[in-house]
1. Of the conditions (1) at pLDDT 90 or above; (2) in contact with a helix residue (DSSP H, G or I) (Cβ under 6 Å, 6 or more places away or on another chain); (3) surrounded by fewer than 21 Cβ atoms within 10 Å (Cβ to Cβ), residue B:39 clears all except one; give me its number.
2. Which condition number does residue A:104 fail, the rest of (1) under 30 Å from residue A:184 (Cβ atoms); (2) touching a helix residue (DSSP H, G or I) at 6+ places or on another chain (Cβ under 6 Å); (3) within 14 Å of another protein chain (Cβ to nearest Cβ) being met?
3. In the set B:119, B:115, B:97, which member is buried (at least 24 other Cβ atoms within 10 Å of the Cβ), more than 14 Å from chain A (Cβ to nearest Cβ) and modelled with pLDDT under 90?
4. Within the stretch B:299-308, is there a residue that is away from chain A (no Cβ under 14 Å) and either crowded, with 19+ Cβ neighbours inside 10 Å or farther than 30 Å from residue B:178 by Cβ (or both)?
5. For residue A:77, are the conditions met, namely being within 14 Å of chain B (Cβ to nearest Cβ), surrounded by fewer than 22 Cβ atoms within 10 Å (Cβ to Cβ), within 19 Å of the chain's Cα centre (by Cα) and touching a residue at least 24 places away in the same chain (Cβ under 8 Å)?
6. Would you point out which residue out of A:129, A:87, A:99, A:111 is within 8 Å of chain B (Cβ to nearest Cβ) and either out of contact with any helix residue (DSSP H, G or I) (no Cβ under 8 Å at 6 or more places or on another chain) or at positive phi (or both)?
7. Would you be able to say whether some residue in the stretch B:348-361 is surrounded by fewer than 19 Cβ atoms within 10 Å (Cβ to Cβ) and either in contact (Cβ under 8 Å) with a residue 24 or more places away in the chain or not in a helix (DSSP H, G or I) (or both)?
């Protein structure tokens, strides 16, 4: 395989992995808090659409990004308050938000097509010159480089800060955490807000930096691939990154290999994330520990 | 305006600390909240319609005409409500058992796939093959849900996660099956281009559910009475049979149930498999009742709609009937939106807003009641300490 081929493959992987990784970082925090957030699809779609809308209204793609982040945050706000302030069933809210945002964005984009906007690629001076890796990782749109800051920061926030400790406690044993004064539902809501903002960023990245356009059902289920990545990664940051890389690579292979003259079973590649997550849970059961209170709502006063 | 708001506030006000609300007042507040929530949902929909430049009146008239405006429309709506109803029944059963099955889509697809295999390859008298097809759909859905149950019992994997992931595996498996000649794809006609469409052949006419339509434009499939009979059956079983009681016990307190001698693992797994069986059966009814062939996207979101229907209803099997009819109304009414110039995705938005509106009132009142009880208990403790 020539260096050019390798560059193409690595660029493809970088492009498919980036939105996944933004959202997965957020979902990692949210799931460690004990919330199984299935409305990532909604958050990413909101980020993608409102990112493009912001770019159109504001005139530049860079203005779209904060609007996309905010849109993801709004979706998370609705989800968090229904699920962890009002004690509604979080899966109802998540699934409904998914359908609602899908319908809403399709509705808006059918009524009014958005003009294409794309953030140009910027090449990092020295690192961009490394043979295969350089052009693929260090020659991307500038929001891509945010990943290098966001991922370690999220890890540090969850594993090394006081807030993160309370969030993790809310996910492992909310009753005990509540007894020591941790506001469990508040931490869960905050974790969801962070997830929403990051997923919105991931969605905005997808529309503004990669495709340059918003099309109907743009995310096409990658919200659930993100959930599979966090599960596959055993609810650790390193595992989540690995999961995103793997699943991004699978997606990229499906797109890139045919152009290079080889072909793979399309459906198998699409099912790979879910099969891998299931396989990891089955065969690595001892080392894969979900947060003990994952997907269990908490009400003070109820055991 | 402010007088109206003050009056509403008074009506919705929580009763003071130690006084329990009278039942009539509680029901009244619930109904009022429902009405308010639905009004808000409709207002938001109206705003969306205005943004696009349509008129809310024409939108609602289109939805009305499309869903219940004519006899034929009512028949269509009933036909659309049947799969939702069957899936919702299964979901209600698992919710009673305290567990959550999100895998209806996958179970529906698997049930329908197995049913298609049987319908296309089994030879015999029509009605018998039809029965075998429906039985196969039940089996297919049950087995797919059984995988989730197995993972729970064997590796302690949460049912939510496994069924969620299995959904997407099922979708891709179906996509593969209908693109491969040897499995489900319809054979290319001789002289036709190779590659063919990713869909199965039509199931033979003798294997289709009859439509006993008496009136000229009111042809409802046999699926409807079957579905209603199932609801009646399970309503009785859930409320009056020992199995129903055990199910409720397991859902309410698995630890205590185990102490009482109830086989929690078996009951829970059984509930999951049963709900998968029902979802698969819904797929079989869809296949033999209206679609007649299987292709990607066959589930048409019926799995999710059934789940949401069950979660909106929360507990009463009989309430599934009107709510599923309502979901059917949105489907058939939504298809008429194309004539108004408003993008037809509005139906999906309206459905989402209405589900949120339906979820909000009971949850809000529960929360408020819980907070009130905590306050009352705390006040009691402080009074005793003083």
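The values are calculated or read from the model by the stated rules, or taken from the named source; none is laboratory data. Bear in mind that the values here come from a model prediction, so they are computed numbers and not experimental data. Please note: Cβ atoms are built from the backbone with ideal geometry, for glycine as well, and neighbour counts cover all protein chains shown.
1. For residue B:39, the failing item is (2).
2. Every condition holds for residue A:104 apart from (1).
3. None of the other options fit; the residue is B:119.
4. No, the conditions are met nowhere in the stretch B:299-308.
5. Spelling it out, residue A:77 is indeed within 14 Å of chain B (Cβ to nearest Cβ), surrounded by fewer than 22 Cβ atoms within 10 Å (Cβ to Cβ), within 19 Å of the chain's Cα centre (by Cα) and touching a residue at least 24 places away in the same chain (Cβ under 8 Å).
6. After ruling out the rest, the residue left standing is A:87.
7. Checking the stretch B:348-361: not a single residue is surrounded by fewer than 19 Cβ atoms within 10 Å (Cβ to Cβ) and either in contact (Cβ under 8 Å) with a residue 24 or more places away in the chain or not in a helix (DSSP H, G or I) (or both).
Residue-by-condition table, conditions (1) under 14 Å from residue A:189 (Cβ atoms); (2) in a helix (DSSP H, G or I):
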| residue | (1), (2) |
| --- | --- |
| A:37 | yes, no |
| A:56 | no, yes |
| A:66 | no, yes |
| A:75 | yes, yes |
| A:86 | yes, no |
